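Encoded as structure tokens, the structure appears first; notes follow it.
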Amino acid sequence: QKNFSAQMYNASKDKNFELAASLRDRLKALKHIAQNNSIKIRDIKDADIFAINIKEGKTCIYGSFFRNNTSYGGKAFYPDHDHLADKEEIMLGFLNIFYAEKEIPKFIITNINIKKSDSFTILGKNFENTKILKPQKGPKKNLLKFAEQNSRINLDLKLNSLKSFDNFTNEIKKIFKI
């Protein structure tokens with residue numbers, strides 16, 4: 001939470017108000033989760049939710065993890081991929097690697113359409129008992145929207161970090177005339 005507060009302050013100071021506002025919203029959500037320690041979701045017993053977002057050639061996949069109707073938090077992933085790959089290809093590759101040594105839940109919810117019949121050769125037998133969904137409404141769609149928002153926020157943070165580093169290296173090059 002301290003990290004988000006500092007990033008929010010820096011974004012505001014740099015007049016990046018859109019990023020500051022999204023960080024503020026994320027901070028509110030984190031405070032709510034911290035107060036309740038976990039989130040119980042009646043409609044989701046065992047599921048992982050993944051939202052993919054691509055911007056400026058970089059990709060963020062944000063995952064939220066639910067077991068026994070309880071949220072176990074989320075994490076942002078930044079997979080490397082061919083710049084010509086589409087979102088479905090990136091997601092399929094990510095899922096294969098992510099679940100290589102993990103138990104696969106009964107449901108995977110994602111913000112892209114993955115037709116299991118078409119993707120079965122890529123996903124393999126390990127996924128045969130898993131339903132891959134892209135919900136259109138209801139509580140699952142609301143959780144997916146939250147993951148999509150987190151994916152956008154984390155990708156913006158990553159891009160800003162990379163830009164800051166590029167600016168820093170350019171300044172060093174100027175100073176040392178490299």
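Taking the condition closer than 15 Å to residue 149 by Cβ, open to solvent by 20 Å² or more (accessible area, probe 1.4 Å) and modelled with pLDDT under 85, does residue 33 pass? Against the criterion (closer than 15 Å to residue 149 by Cβ, open to solvent by 20 Å² or more (accessible area, probe 1.4 Å) and modelled with pLDDT under 85), residue 33 qualifies.
Condition check ((1) in contact with a helix residue (DSSP H, G or I) (Cβ under 6 Å, 6 or more places away or on another chain); (2) not aliphatic (A, V, I, L, M)) across all residues:
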site: 123; (1), (2): no, no
site: 135; (1), (2): yes, yes
site: 144; (1), (2): no, no
site: 147; (1), (2): no, no
site: 162; (1), (2): no, no
site: 165; (1), (2): no, yes
site: 170; (1), (2): no, yes
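When we screen 146, 176, 168 for residues that are at pLDDT 90 or above and either of a type outside the set (Asp, Glu) or out of contact with any Cys (no Cβ under 6 Å at 6 or more places or on another chain) (or both), the only hit is 146. Checking the structure you have, find out if any residue of segment 39-58 is small (Gly, Ala, Ser), open to solvent by less than 30 Å² (accessible area, probe 1.4 Å), closer than 17 Å to residue 160 by Cα and modelled with pLDDT of 90 or more. Taking every residue of segment 39-58 in turn, none turns out to be small (Gly, Ala, Ser), open to solvent by less than 30 Å² (accessible area, probe 1.4 Å), closer than 17 Å to residue 160 by Cα and modelled with pLDDT of 90 or more. Taken as a whole, the condition of being over 17 Å from residue 48 (Cβ atoms), under 15 Å from the mean Cα position of the chain (by Cα) and open to solvent by 70 Å² or more (accessible area, probe 1.4 Å) applies to residue 158. On inspection, residue 141 fails the criterion of being open to solvent by 100 Å² or more (accessible area, probe 1.4 Å), modelled with pLDDT of 90 or more and of a type in the set (Lys, Arg).
Of all the criteria given as (1) more than 14 Å from the chain's Cα centre (by Cα); (2) among the aromatic types (Phe, Trp, Tyr); (3) open to solvent by less than 20 Å² (accessible area, probe 1.4 Å), the one not satisfied by residue 62 is (1). Among the residues here, residue 114 qualifies as modelled with pLDDT under 90 and either aliphatic (A, V, I, L, M) or crowded, with 18+ Cβ neighbours inside 10 Å (or both).
The values are calculated or read from the model by the stated rules, or taken from the named source; none is laboratory data. Note that the coordinates shown come from a computational prediction; the quantities given were computed from them, not determined experimentally. Reconstructed Cβ throughout: ideal geometry from the backbone, glycine too, with neighbour counts over all protein chains shown. These accessible areas exclude ligands, DNA and RNA; they are computed on the full protein's heavy atoms, side chains included. Shrake-Rupley method; radii C 1.70, N 1.55, O 1.52, S 1.80 Å.
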